[in-house]
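Below is one structure, written out as structure tokens; the observations come after it.
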Amino acid sequence: MAIEAHEIEALIRASFPDAQITITDLAGDGKHYAAEVVDESFRGKNRVQQQRAVYAALNGKMDGPDGQLHALALTTKIPD
Amino acid sequence: MTDARTQIQQALDENDVVLFMKGTREMPQCGFSSRVAGVLNYMNVAYRDVNVLADDAVRQGIKDYSDWPTIPQLYVKGEFIGGCDIITEMTLSGELDQLFDQKEIAYNKEAADKIREANA
């Protein structure tokens, strides 16, 4: 089971409509991605809180050993 | 269920720094776990490694405990600090040093500076 970059972006976009989202396929196997999410709503939150919000947006896609997404290197930022 | 939770709580109660990881500190079995263990090893931090691959109940239990979906997970004095990406960022920004200073965790400051030099 794999997932497409645009599907990941769509999932994140649903929770962060105004975010700047960059998805990079790290291994070319549809399972290892990097995501950078820049959003105003992160202001005032620590990194754990920011990333937890992004994980929540992924709707369990990373859950369990059979999760579609094996690895997502996540970077969250507040817009400059 | 409660058994895994008890094991997790015990590990956190008995150790100032705990890394839940895939594999062991000597033989990590995932690149992300390897990176965090490598930082702690290099900075000479005393920590307990818990291999989640050895016990499925702990593997799921720690995700429920922290409401965090991925392994590795680093805890300092019982507090969840972050996964691989957060620890990497904190190492490079010096925030990890600050955290260890605040929480009175011994580490090799010179080694931490060397990591930053190498990644500058």
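Treating each Cα of chain B as an identical point scatterer and summing with the Debye formula, the log10 of I(q)/I(0) at q = 0.13, 0.19 Å⁻¹ comes to -0.46, -0.98. Sequence-ordered 3J(HN,Hα) estimates for segment B:59-74 from the Karplus curve with 6.51, -1.76 and 1.60 and θ = phi - 60° stand at 4, 7, x, 6, 5, 5, 4, 9, 6, 9, x, 10, 10, x, 9, 9 Hz, glycine and proline given as x. For chain B, adding -39500 (n - 2.57) for each run of n ≥ 4 DSSP H residues and dividing by the number of residues yields -16000 deg cm²/dmol at 222 nm. Extension gain for the segment residue B:44 to residue B:13, taken as residue separation times 0.36 nm less the Cα-Cα distance, is 9.1 nm to one decimal. By a straight-distance test (C-alpha under 29 Å), which lysines pair with residue B:103 as possible cross-link partners, with residues fewer than eight away in the same chain excluded? Once the sequence-local lysines are set aside, what remains near residue B:103 is A:45, A:77, B:22, B:63, B:77, B:114.
Spin-label model, residue B:104 to residue B:67: label points 7 Å out along the Cα-to-beta-carbon direction sit 3.0 nm apart. Given a 1.4 Å probe and the protein chains as shown, residue B:22 ends up with an accessible area of around 30 Å². Considering all different alpha carbon pairs of chain A, the Kirkwood hydrodynamic radius works out to 12.6 Å. Chain B against chain A buries an accessible area of about 1300 Å², both chains summed, 1.4 Å probe radius. Two numbers describe the Cα atoms of segment B:1-70: Rg and Dmax, which are 11.7, 35 Å. With all protein chains kept in place, the per residue accessible area of chain B amounts to 50 square angstrom at a probe of 1.4 angstrom.
Subtracting the Cα-Cα distance of residue A:4 and residue A:27 from their residue separation scaled by 0.36 nm leaves 7.0 nm. Computed from label points 7 Å out along Cα-Cβ, the spacing between residue A:45 and residue A:20 is 1.8 nm.
Relative contact order of chain B: 29 percent, from C-alpha pairs under 8 Å at least 6 residues apart in sequence.
Using θ = phi - 60° in the Karplus curve 6.51 cos²θ - 1.76 cosθ + 1.60, the 3J(HN,Hα) couplings for segment A:16-25 round to 10, x, 9, 6, 8, 10, 10, 10, 10, 7 Hz; x is entered for Gly and Pro.
Cα-based Rg of the protein assembly as shown per 2.2 N^0.38 Å, rounded to two decimals? In units of the globular-protein estimate, the protein assembly as shown measures up at 1.02.
Taking every DSSP bridge with both residues inside chain B, close to 65 percent are antiparallel.
The phi torsions of segment A:33-50, fed into the Karplus equation with coefficients 6.51, -1.76 and 1.60 and a -60° offset, translate into couplings of 10, 10, 10, 10, 10, 10, 8, 4, 5, 7, 4, x, 10, 7, 4, 4, 5, 5 Hz, rounded to whole numbers, with Gly and Pro shown as x. Here the simple spin-label model places points 7 Å from the Cα toward Cβ, and for residue B:118 and residue B:35 these points are separated by 1.4 nm.
If the chain linking residue B:3 and residue B:95 were pulled fully straight, counting 0.36 nm for each residue of separation and taking away their Cα-Cα distance, it would gain 29.7 nm. For segment B:65-107, the square roots a ≥ b ≥ c of the C-alpha gyration tensor eigenvalues yield an a/c of 1.5 or more together with a/b not exceeding b/c, which makes the shape oblate.
Taken residue by residue and averaged, Cβ atoms of other chains lying within 10 Å of the Cβ of A:39-49 number 2.
The values are calculated or read from the model by the stated rules, or taken from the named source; none is laboratory data. Predicted model, so just to flag it, every value in this text is computed and none were measured. Don't worry about glycine lacking a Cβ; one is built from the backbone with ideal geometry, like all the others, and counts go over all protein chains shown. The protein model used for the area step is the full one, side chains on, heavy atoms only, and it has no ligands, DNA or RNA in it. Shrake-Rupley method; radii C 1.70, N 1.55, O 1.52, S 1.80 Å.
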